[in-house]
Amino acid sequence: MHYMTRRFFQPVAVAAIPSDDGKTISFSMVNDTAAPVTVELQTFLVTLSGEKQPLTAAAGTCSPDRADTLMSIAASDIPKDALLFWSFEASNGMRGEGHHVHGTYKALDLKPSGLSISAIPVGDGSYGVTVSATGLALHVMIEADVEGRYSDNAFDLTAGESRVIRFTPREPLPAGAAPIFTGYDLQSCQGNG
């Protein structure tokens, strides 16, 4: 959870906020810094099989220590069998991503995401861990058979996407030893098959 919390509380963030009547979804940009920032937002539709297609883009400036609405979209623009994904980059280099689900996660008919993991030593005792998916993988989490720290460990992947994270074991491993990694996502943790 602390990986998600780190993103929630970063000084520049974007959140999708559905209206009370459920007809629109507004994107709010938050700027907790002392300088104005320009935020560039990309939105996507992602099917339950993980196929991703662009929906819309917007850019706006947010004053220091404020939250403003960047844009709104009609909820009807999101098919019932799709999720709304977004990514943003701010002019101060901060970036982020997220997704919005109609209703509840339990109602999603998720399929196995085809997660795969490969790791290579980086040379300083840490490992570059590549996580890939052939389908939609929500809330991906990696575990190792040894204690250590991850550069990130709570993210989404769409079909064909990969993410490289860094894993640093708490204690140096013996020569020739390597951690064994296991990947989980929302579908695999729900036990849907």
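Here, each number is a calculation from the coordinates, and none is a lab measurement. This structure is a prediction, so every number in the text was calculated from the model and none was measured. Here the Cβ is made from the backbone with ideal geometry for all residues, glycine too, and neighbour counts use every protein chain on show.
Per-residue Karplus couplings for the range 141-152, computed as 6.51 cos²θ - 1.76 cosθ + 1.60 with θ equal to phi - 60°, are listed in order as 9, 10, 10, 10, 7, 10, 6, x, 10, 10, 6, 7 Hz, Gly and Pro entered as x.
Modelled label positions at Arg170 and Asp77, each set 7 Å beyond Cα in the direction of Cβ, lie 4.7 nm from each other. Our estimate of slack between Ser49 and Thr24, defined as 0.36 nm per intervening residue step minus the Cα-Cα distance, is 6.6 nm.
With θ taken as phi - 60° and the Karplus curve 6.51 cos²θ - 1.76 cosθ + 1.60 applied, the whole-hertz 3J(HN,Hα) list for the range 85-95 is 10, 8, 9, 9, 9, 9, 5, 8, x, 6, 8 Hz, x standing for glycine and proline. Taken one residue at a time, the phi angles of the range 183-188 give Karplus couplings (6.51, -1.76, 1.60, θ = phi - 60°) of x, 10, 9, 4, 5, 5 Hz. Gly and Pro are set to x.
The overall shape of the range 8-95, judged from the alpha-carbon gyration tensor, is prolate: a/c is not under 1.5, and a/b is greater than b/c.
Using C-alpha pairs under 8 Å with a sequence gap of at least 6, the mean separation divided by the residue count of the range 44-193 gives a relative contact order of 22 percent. Close amide H pairs (under 5 Å, H built 1.01 Å from N) link Lys111 with no residue at least 5 positions away or on another chain.
Per-residue ellipticity at 222 nm, computed for the chain from helices alone with -39500 (n - 2.57) per DSSP H run of at least four residues, works out to -1500 deg cm²/dmol. Remark: the range 116-190 carries a charge dipole of roughly 100 debye about the Cα centre, counting +1 on each Lys and Arg Cβ and -1 on each Asp and Glu Cβ. Taking amide H atoms as placed 1.01 Å from N in the peptide plane, the amide H of Val12 lies under 5 Å from those of Asp32, each 5 or more residues away in sequence or on another chain. Amide H contacts of Met71: Phe27, each under 5 Å away and 5 or more positions distant or on a separate chain (H built 1.01 Å from N in the peptide plane; Pro and chain starts excluded). Placing a pseudo-label 7 Å from each Cα along the Cα-to-Cβ vector at Thr69 and Glu143 gives an inter-label distance of 4.3 nm. Among the GluC sites (Glu not before Pro) in the range 6-90, none sits in a DSSP loop with a Cβ that has at most 10 other Cβ atoms within 10 Å.
Restricting the range 133-191 to chymotrypsin sites (Phe, Trp or Tyr not before Pro) that sit in a DSSP loop and have at most 15 other Cβ atoms within 10 Å of their own Cβ leaves nothing.
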